[in-house]
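J.: My questions all concern the structure below.
The values are calculated or read from the model by the stated rules, or taken from the named source; none is laboratory data. Small disclaimer: the values here were computed from a predicted structure and weren't measured. Please note: Cβ atoms are built from the backbone with ideal geometry, for glycine as well, and neighbour counts cover all protein chains shown.
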Amino acid sequence: MNMPITRPEFTADPANLTFGADGVTVSWPQRSWTFHPIWLREQSREPSARDQAIGQRLFDAWRLPTDLQITAADLVDDAMTVTFSDGHRASYPLDFLLRESRSAVPDDLVGAPRTWDSAHAPSPRLGWTDVMTSDRSVLALADALAVHGFCLLTDGPTGVDDAEDIANRFGPIRRTNWGGVADIKVMADAVDLSQTNRELEPHADNPYRLPAPGYILLHCLRNDADGGDSTLVDGFHVAEILRRDDPDAFDVLTTTATRFRYVDPDTVLEHYGPLIELAPDGSVRRLRFNNRTEEPPALPAGRLAAYYAARQRYATLLHASSNTLVFKLEPGQLLMINNYRLLHGRRGYALEAGGRHMRQAYLDRDCVASRQKVLRRRFGMDLDHWRTSE
């Protein structure tokens, strides 16, 4: 099915304002927010404050007086005009202010995640050719990743390098010690369990890297083996279950940094982080669960006892059938996954009557987020009202 292009989430309805020593309070029908004087002054896009072509700041924001005040504030059409005690005067579109008041962590994809379990799993699909030929379909793909955490591309080719064509619709492939586009199939000289026919439990890829790849592209070339079904788990959904049902375990897993390590004859990679990482506003931002590569450090015994109990509770939820979407990829399909949110895996398979061959590539988070925001701006969902040139 085609993914719809949604309209802007923020609508700046008529507002009113008051100002005082603590800043300007702007009231919309749906919410009110007080903007600090220094924050407003720092956000000025007037010619004396920003380069009008490049958009970068021309003054040292840290030099602004900490006792800066607002001496006047007015609404003019769809903007708020403010005069500051240092004499500077600036105008701010109301839709920008409304969006900023609701975007405490605006560093990733636009779109609120809708978490799911196996009974309510979505089925976002797009045609391969549509994504290759239409920027609106690229945007629909990015929007699906933001909302659902994954999207399936259908009716594609089965060439060994075709996944790179889809990746290039967003940006350059993230190269690793595996190369650019890598084989996921049974190999005689396997250096990873993904290159065997064993079952792979739900996991996030490469938590031992800094940074870990943001998105996985898994392209199916052949899949007629007995077994080999793919699995997806919405880790955000499971984390919220744990937060609700066992807040102590949730606290342990968000505050204990564990270690992940990958070693082969030519590579030593390791990194630390909690299994559940939170954003500054307390929402779940990233998951790191990977049984194959986790090597917990030798923490004090009491901390480890609490960690192991919490990890077991969390992993049990991750493996529950009620939280697991199971499906079989078909040749020519490509599954794109948010590696910070979804855990993926596969069932074991036998090779007597067929084979299973996937090609896998990675993309970093920033190039996908940038592409989405550029396209939203192009199609009337402007995220940056301040740029005066492209």
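J.: Could you give me the residue pairs with C-beta distances under 6 Å whose first residue belongs to region 368-380 and is more than 16 Å from Cys151 (Cα to Cα), whose second residue is assigned to a helix (DSSP H, G or I) wherever it lies, and which are 6+ apart or on separate chains?
T.: Leu375/Asp135; Leu375/Leu139
J.: If I go through region 197-216 residue by residue, how many of them are in a strand (DSSP E or B) and touching a Leu at 6+ places or on another chain (Cβ under 6 Å)?
T.: Residues in region 197-216 being in a strand (DSSP E or B) and touching a Leu at 6+ places or on another chain (Cβ under 6 Å): 3 in total.
J.: Right, another one. Please go through region 54-81 and give me each residue that is within 15 Å of Ala15 (Cα to Cα) and touching a residue at least 60 places away in the same chain (Cβ under 8 Å), ordered by number. Show your work before the answer.
T.: To start, the set of residues in region 54-81 that are within 15 Å of Ala15 (Cα to Cα) comprises 73-81.
The answer is Leu75, Asp78, Met80.
J.: Of the residues Leu278, Leu318, Leu304, Leu299, which is surrounded by 14 or more Cβ atoms within 10 Å (Cβ to Cβ), closer than 27 Å to Pro113 by Cα and without any contact (Cβ under 8 Å) to a residue 60 or more places away in the chain? Outline the logic, then answer.
T.: On the way: Leu318 fails: without any contact (Cβ under 8 Å) to a residue 60 or more places away in the chain; Leu304 fails: closer than 27 Å to Pro113 by Cα; Leu299 fails: closer than 27 Å to Pro113 by Cα.
On inspection, the qualifying residue turns out to be Leu278.
J.: Which of the residues spanning region 292-326 are more than 22 Å from Arg243 (Cβ to Cβ) and in a helix (DSSP H, G or I)?
T.: Hits for region 292-326 are Ala301, Gly302.
J.: Next question, about the same structure. Is it the case that some residue within region 218-229 is part of a loop (DSSP other than H, G, I, E, B), loosely packed, with under 15 Cβ neighbours inside 10 Å and not acidic (Asp, Glu)?
T.: no
J.: Would you pick out the residues in region 62-113 that are more than 30 Å from Ala239 (Cβ to Cβ) and of a type in the set (Gly, Ala, Ser)?
T.: Those that are more than 30 Å from Ala239 (Cβ to Cβ) and of a type in the set (Gly, Ala, Ser): Ala72, Ala73, Ala79, Ser85, Gly87, Ala90, Ser91.
J.: Also: Kindly indicate whether any position in region 373-390 is modelled with pLDDT of 95 or more, surrounded by 21 or more Cβ atoms within 10 Å (Cβ to Cβ) and either hydrophobic (A, V, I, L, M, F, W, C) or not in a strand (DSSP E or B) (or both).
T.: Checked against the condition, which is being modelled with pLDDT of 95 or more, surrounded by 21 or more Cβ atoms within 10 Å (Cβ to Cβ) and either hydrophobic (A, V, I, L, M, F, W, C) or not in a strand (DSSP E or B) (or both), region 373-390 yields no hits at all.
J.: If you go through region 15-28 one residue at a time, do you hit one that is among the polar types (S, T, N, Q), without any contact (Cβ under 8 Å) to a residue 40 or more places away in the chain and out of contact with any Ser or Thr (no Cβ under 7 Å at 6 or more places or on another chain)?
T.: Yes, region 15-28 contains at least one residue that is among the polar types (S, T, N, Q), without any contact (Cβ under 8 Å) to a residue 40 or more places away in the chain and out of contact with any Ser or Thr (no Cβ under 7 Å at 6 or more places or on another chain).
J.: Among what's in region 96-153 and is of a type in the set (Asp, Glu) and assigned to a loop (DSSP other than H, G, I, E, B), pick the residue that is nearest to the chain's Cα centre (by Cα).
T.: The residue in question is Asp108.
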